[in-house]
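The values are calculated or read from the model by the stated rules, or taken from the named source; none is laboratory data. If you're wondering where the values come from, they're calculated on a predicted model, not measured in any experiment. Methodologically, a virtual Cβ is constructed for each residue, glycine included, from the backbone with ideal geometry; neighbour enumeration extends over all protein chains shown. These accessible areas exclude ligands, DNA and RNA; they are computed on the full protein's heavy atoms, side chains included. Shrake-Rupley method; radii C 1.70, N 1.55, O 1.52, S 1.80 Å.
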Amino acid sequence: MKTFEELGVDPVIIRAIREIGYESPMPVQEEVIPYLLGNNNEVIALAQTGTGKTAAFGLPILQKINRKQVQPQAVVLCPTRELCLQIADDLKDYSKYMDDLKVTPVYGGSSIESQIRALRRGVHIIVATPGRLIDLINRKAADLKSVRDVVLDEADEMLNMGFSESIDEILAVVPENRNMLLFSATMPTGIAKIAKKYMRTPKEITIGRKNEGAQNVRHIFYMVNAKDKYLVLKRIADYNPNIYGIIFCRTKKETQEIADLLIKDGYNADSLHGDLSQVQRDYVMQKFRIRNIQLLVATDVAARGLDVDDLTHIINYGLPDDIESYTHRSGRTGRVGKTGTSIAIIHLKEKHKVKDIEKQINKKFEQGAIPTGKQICERQLFSLVDKIEKVSVNEEEIQSIMPSIYRKLDWLDKEDVIKRLISLEFNRLIDYYQDAGEIEMPQEGERRRKGERQTYERGAGRSSGKGTGRASEKGFSRLFINLGKIDGLRPQAIIGLMNDNIPGRKIEVGRIDLLKNFSFFEVRETDRDRVIRALDGVKAFGRRLAVEEAQASPSEDRKKQIEGKGRAPRYRGN
Ligand code: AMP
């Protein structure tokens, strides 16, 4: 297998594609890229979505653009608005480090005026649906006389949708010495006709469905300290804002626990396991199928009845004992021509299982680097920007209120408005991640410390206003409570205790550390006394609660109290 460097791809592009995880070329890229980088070479590629064709035509096209000449030099035609936006986005990602390179998507069903303005500002590559491009040509907004490359993507689909004449019309205004690149999943006669009519001596390439079975699934493991497993899970979810996946846990209890934590932290999650009634399970599965739930936390057995094709991720919250289960789990993503990612969050002692699985599936795992706070903020912001770009504007309904909004924002220029819009989200993210610190990966050979703390950091969450708490932050007090995991204490139970015993305003809870026999949790300093007064001495979990401010070492009274109950008196203070 060749490298992108060996195919002749420019380092500035390689830098960008490495960032999005393209390590080595996919087969269609290996064939097409070097050929298209040559002069006057045309291609007909029989390749389906999911084979990597966008980069196959996108990288050479980008590389051949003369950035100083601000005129459309390449046109990519595709059948739908979604594909149009997708291709334009991919090209923008690939050209991240190519300063001043402009890619503009134009498609039907959206305001033509803003597209005209975008084209007038100058562009190098137009990605278009055929009908809209013709409108723009007729309005003299799109001038194709400098175009050197024309891509027909999903050409068979365009013919099915009746775009044959539109394609003819467009090609009529593109110089004759252009290159044509035709990508199609099938080769109906209509395509052969186009090829015959418009192409010189194209190279024909057939790329088999690369997406069958688990071939198109990436396997990644994250090696973490046991105490950080949940934090890493959240980071993975935060780093993939459009994630739609199943998180597999080993036991029903763990499944419920992780789902509860995710919900508390503001994620769109739910649980599926054998302790739920059939009606409850059907309800959850239905919500997941229609994507009302983004993250389903499930046991292997319960997830069996669930048939969903387009999952983006499978997350193994720990590896299963048998390799078969891993193969089943990961086989749930990367179906029907899509790519997928199977992630395993593991600790050191599970490393040997990775090796066993690699042998079985005949594929290597990549070791993932835990996303940093900065990387997550960036991803989330770009996801927001993406949504802003793709939202469909209801021109009619919004028309009446726009004048007063324009008047109100009149004093701000465009850059200011964008900055403020982005800051709505950015401030929330930065607030959470700037203090969250980075998560350390365990070093090989490092023994796990006994009694290691289980840390729950509240999430950046998904819905604004939720989960912006920080771990161990200023302004918070750390409280001790004489209940631990052994008593069945969970973070939700601590919050429940406060809800049940402290009337009025909700108490904000910071970091929670659950230990075997006792636990710590943080509340705002201003709430400290109120919480202690309300909870200390209350009967719950079949005993009288002891709640006090955590100290470097327990008070003598408390020591007696703890020791008297046969509990380990070791606990850490601030
Ligand atoms: P496409 O057929 O262009 O829709 O690509 C299918 C998927 O493969 C997309 O998610 C791409 O981001 C991804 N992809 C394309 N090329 C590579 C590569 N060389 N390595 C890893 N992923 C890739």
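Some observations on this one:
- Boolean, TYR230 is within 26 Å of GLY334 (Cα to Cα) and more than 16 Å from the ligand (Cβ to nearest atom): yes
- Within segment 5-42, tally of residues that are near the ligand (Cβ under 10 Å from one of its atoms), open to solvent by 10 Å² or more (accessible area, probe 1.4 Å), in contact (Cβ under 8 Å) with a residue 40 or more places away in the chain and under 28 Å from TYR198 (Cβ atoms): 2
- The single condition among (1) assigned to a helix (DSSP H, G or I); (2) at pLDDT 80 or above that GLU563 does not satisfy is (2).
- Residue pairs whose Cβ atoms lie under 7 Å apart, separated by 6 or more positions or on different chains, with the first residue in segment 390-419 and over 30 Å from ILE87 (Cβ atoms) and the second of a type in the set (A, V, I, L, M, F, W, C), are LEU409/VAL417.
- Checklist (1) touching a strand residue (DSSP E or B) at 6+ places or on another chain (Cβ under 8 Å); (2) within 23 Å of LEU59 (Cβ to Cβ); (3) more than 16 Å from the ligand (Cβ to nearest atom) applied to TYR97, failing item: (1)
- Residue check, ILE361 in the same structural domain as ASN225 (by TED's automatic domain parsing), surrounded by 17 or more Cβ atoms within 10 Å (Cβ to Cβ), over 23 Å from ILE439 (Cα atoms) and not charged (D, E, K, R): yes
- For segment 77-90, the count of residues that are of a type in the set (Ser, Thr, Tyr) and either touching a Gly at 6+ places or on another chain (Cβ under 6 Å) or more than 12 Å from the ligand (Cβ to nearest atom) (or both) is nonzero.
- Residue ID - nearest to LEU7 (Cα to Cα), chosen from residues in segment 51-70 that are surrounded by fewer than 17 Cβ atoms within 10 Å (Cβ to Cβ) and either within 16 Å of the ligand (Cβ to nearest atom) or touching a residue at least 60 places away in the same chain (Cβ under 8 Å) (or both): LYS64
- Test for LEU46: is it touching a Ser or Thr at 6+ places or on another chain (Cβ under 9 Å), closer than 20 Å to LEU152 by Cβ, more than 9 Å from the ligand (Cβ to nearest atom) and open to solvent by 30 Å² or more (accessible area, probe 1.4 Å): yes
- Segment 250-264 - residue that is crowded, with 23+ Cβ neighbours inside 10 Å and not β-branched (Val, Ile, Thr) and, of those, nearest to ASP513 (Cα to Cα): LEU262
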